[in-house]
Amino acid sequence: MRWGYALDTSFQDHEKLVWTFGGGKGGAGRTLLSTTLGILLAKEERNVVIFDGNLECANAHTALGMRQPQKTLSDFITGKTQDINELAVPTPFRNLRLISSSGDSISATNHSSLAAKNRLLKLIGSINCAHLLTDIGPGLNFWPVDLFLKGDVQILVITPEPTAVETVYHFIRMLIYRKFKNQLGAPQLENTLSAAFTDMRTSGLNDVMERVLEKISATDKSAAVRIAKSIADMELKLVVNQTLDRHDKHIGPAICEIVNKFYGVKMDYAGFIPFDERVALSLRRGRPFIAEYETSETAACFSVTLRELLNSISARNRKRQLDFITS
Amino acid sequence: MIRNAHQLDLHEVLNLHPDAAPEEIERAYLHLTTIYSENSRAVYGALSDEERRWMVKRIQEAYETLMSRAGAVGETRQPAQGKAHPSTSAGEQGKPGGSRAPAQDIAKQQRGSDDSSKQGAERETKAESQLSAKAVTGAHLRNIRIAKGVSLDEISAATKVKKSYLEAIESDNPKRFPAPVFMKGFIKAYAKALGLNPEEISEKYLHREQ
């Protein structure tokens, strides 16, 4: 037992874990999932920070039942503070702090220049905590996509509606596109890349990736190998929120099957959260659902999902240790 | 190496380990055919129709090949061992299909055990003659099966296809399948079990209204 315990928490003390919650579609439940899992992790005596990465419309504080904190990312973006750790404010929950996004959406939208965003991306690793849960806003542009890729645990959150399903495939295409683009220097290859990705709006990525990698390989073999490895190493997780019936519950594994075979990346199904009107009602009362209905079936689904995610991280760590030892 | 559906072997197509039992193969087939069916919500926005159809074909091929291999292994393994496999009871061995006999053997076995029945052979020929028509219906298939003296339980045991699905084929009831696309594989297995041409039967059965 002791051995098992040591392995299962191997990431806890000496390694910070960045969790990112993305998916592209607004209203899918990223804030709900990130704040709920944050509360559950903090309850297990882990040192947790929730990072509200939705620069234009911060609301993780509301989901946690708080008012907008005095210190927010605005202070960092506008240069009022240089130390990002100063922005981590206490929440009503022990062991859980929040770095709130901008309190001033006008200044955030206007001032959050590319340089400021890039600076934020670099500094995420320096936030002091064991678990950094990053809530990412909607959209498919560079900020949500690059922020998502910063995660050690990359979780896509969808609802079973075709609109969310469609968007998540676009989001995955963008992730792969950024993986390519972040590794490329030569402008002519970037043109090839953009052309290839524009070609495939509703198809898998196998052929596109093969074609582009071949072209890259012709001029820069090591870049092609690097890109292929970084894509093959990806491990996405999928959570389906607001499921209504058994068909909804089947959609998660089905999406993973398709992504695993046609998108070149590994994606595992991590669980579902059933539709529960009490989630909306508790939000209106200004209390997080998980604190109000701790013993509900829906709360159990959050716990099961968290357990599944933690187990998969432990399994991955064990595999990496083994690979390291045997290599 | 980036994963690619084009490079998967038959087991990988069905997400199976190499020693998968026929029951597992059938389950995987049902599961995957639903995922890649035309009306699947998971496919929406993910794949082009061409990719989807290609995958359905691959699943079909993998299912048929692995199922027939599973049957063939059962047939060759038994005489080579010289005695019954510990997990197989003596009673089961006597039953057609009970020891994973290849599907097409049922009709022949039945004929062999009832060789003197000239009438039976005539009935079979008469029933099979219906197949020369352009279309084949569930009733045609049922007549042939009865003429050959094969029960649905036997076909189910040999093909590992659930009896309820076989009944659905005979009663022309596609609604009983989780998705219409399942029918093709099952009709082929059914036809093979009766010693008929699987391709021809499935073609004539599925496309009779067009």
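Here are the numbers for this structure:
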{"quantity": "Charge sum, other residues only, whose C-beta stays under 14 Å from B:Pro18's C-beta, Lys/Arg counted +1 and Asp/Glu -1", "calculated": "-3"}
{"quantity": "Label-point separation in nm, A:Thr163 to A:Glu277, each point 7 Å along Cα→Cβ", "calculated": "2.1 nm"}
{"quantity": "Anchor A:Lys150: lysines whose Cα lies under 18 Å away (excluding residues fewer than 8 positions away in-chain)", "calculated": "A:Lys16, A:Lys117, A:Lys122, A:Lys179, A:Lys181, A:Lys229, A:Lys237, A:Lys266"}
{"quantity": "Helix-only [θ]222 nm of chain A, DSSP H runs n ≥ 4, -39500 (n - 2.57) each, per residue, nearest 500", "calculated": "-16000 deg cm²/dmol"}
{"quantity": "Length gained when the stretch A:Lys266-A:Arg211 is fully extended (0.36 nm per residue, less Cα-Cα span)", "calculated": "17.8 nm"}
{"quantity": "Using θ = phi - 60° and Karplus 6.51 cos²θ - 1.76 cosθ + 1.60, couplings along region A:50-61 (whole Hz; Gly, Pro as x)", "calculated": "9, 10, 7, x, 8, 5, 7, 8, 6, 8, 4, 4"}
{"quantity": "Long-range amide H partners of A:Arg97 with built H, under 5 Å", "calculated": "A:Val48, A:Val49, A:Ile50"}
{"quantity": "Of every Cα-Cα pair in chain A, the percent that sits beyond 38 Å", "calculated": "14 percent"}
{"quantity": "Choice from A:Leu40, A:Leu123, A:Leu17 with maximal GNM fluctuation in chain A (Cα, 10 Å cutoff)", "calculated": "A:Leu123"}
{"quantity": "Sorted by Cβ density within 10 Å, fewest first, the residues A:Asp323, B:Asp153, A:Asp75", "calculated": "A:Asp323, B:Asp153, A:Asp75"}
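We did not get these values from a lab; they are worked out from the coordinates using the rules stated. Just so you know, these numbers come straight off a predicted model, no measurement behind them. Reconstructed Cβ throughout: ideal geometry from the backbone, glycine too, with neighbour counts over all protein chains shown.
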